[in-house]
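In what follows, a single structure is set out as structure tokens and then discussed.
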Amino acid sequence: MSDCIFCKIVNGEIPAAKVYEDENVLAFLDISQVTKGHTLIIPKVHQENMYELTPSVAEKVFAVVPKVANAIRKQFSPVGLNMLSNTGEAAGQSVFHLHLHLLPRYGHEDDFGLKWSTNIDKYTQQEMQEMAQGIANNIEN
Ligand code: 5GP
Ligand code: ZN
């Protein structure tokens, strides 16, 4: 896609600090470095986000995750690591070429945060089963 910044990185039109590359996948440092070693893993093919990601491309992209995660771990010895992919503007997606963020963690005082409330009392078992069934009904093969 000609106006996509990540396609431009794939095509070598703009520079990036690359950490991994193969025929289908590229990993490079996120320019914002939310935490030290913050890395993006992308497919070389332009697919917008998790909704558009095809299973065959997903397989290739996710196969790279443990390679890069362990390389970050060896290099920086973080105490943990978060992986996330923002899907849609409301979820914080700003570049519409699928990417997985790998965010090494350095303790509670580092610069990454995620609100994670528990609503365990909000739904009955029955409602949980109905909710699951509703999603299951929409799974396409
Ligand atoms: P999103 O907000 O879509 O989940 O993540 C997009 C990420 O791409 C942001 O964290 C942002 O810092 C990063 N980014 C945007 N433009 C560039 C760029 O030109 N080079 C690199 N390396 N990262 C970029
Ligand atoms: Zn693209």
Exercise. For the chain, what's the relative contact order in percent, using C-alpha pairs closer than 8 Å and at least 6 residues apart?
Worked result: 24
Problem set entry | Förster radius 22 Å - calculated FRET efficiency between Lys18 and Phe112 (Cβ-Cβ, nearest 0.05) | 0.50
Seminar exercise, completed: Taking Cα atoms, the helix 55-76 axis meets the longest principal axis of the chain at an angle in degrees (rounded to 10) of 70
Seminar exercise, completed: Rounded to the nearest 10 degrees, the helix 125-136 long axis (Cα) sits at an angle to the longest Cα principal axis of the chain of 50
For this session: Show the residues, 5+ positions off or on another chain, whose built amide H is closer than 5 Å to the amide H of Leu81.
Result: Arg105
For this session: Of the listed pairs Lys60/Lys122; Lys8/Lys60; Lys74/Lys122; Lys67/Lys122, which have alpha-carbon separations greater than 32 Å here?
Result: Lys60/Lys122; Lys74/Lys122; Lys67/Lys122
Problem set entry | Antiparallel %, DSSP beta bridges [both residues in the chain], to 5 | 100
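Read-outs: derived from the displayed coordinates by stated rules, not from any lab. Keep in mind that this is a model prediction, so the values were computed, not measured. Don't worry about glycine lacking a Cβ; one is built from the backbone with ideal geometry, like all the others, and counts go over all protein chains shown.
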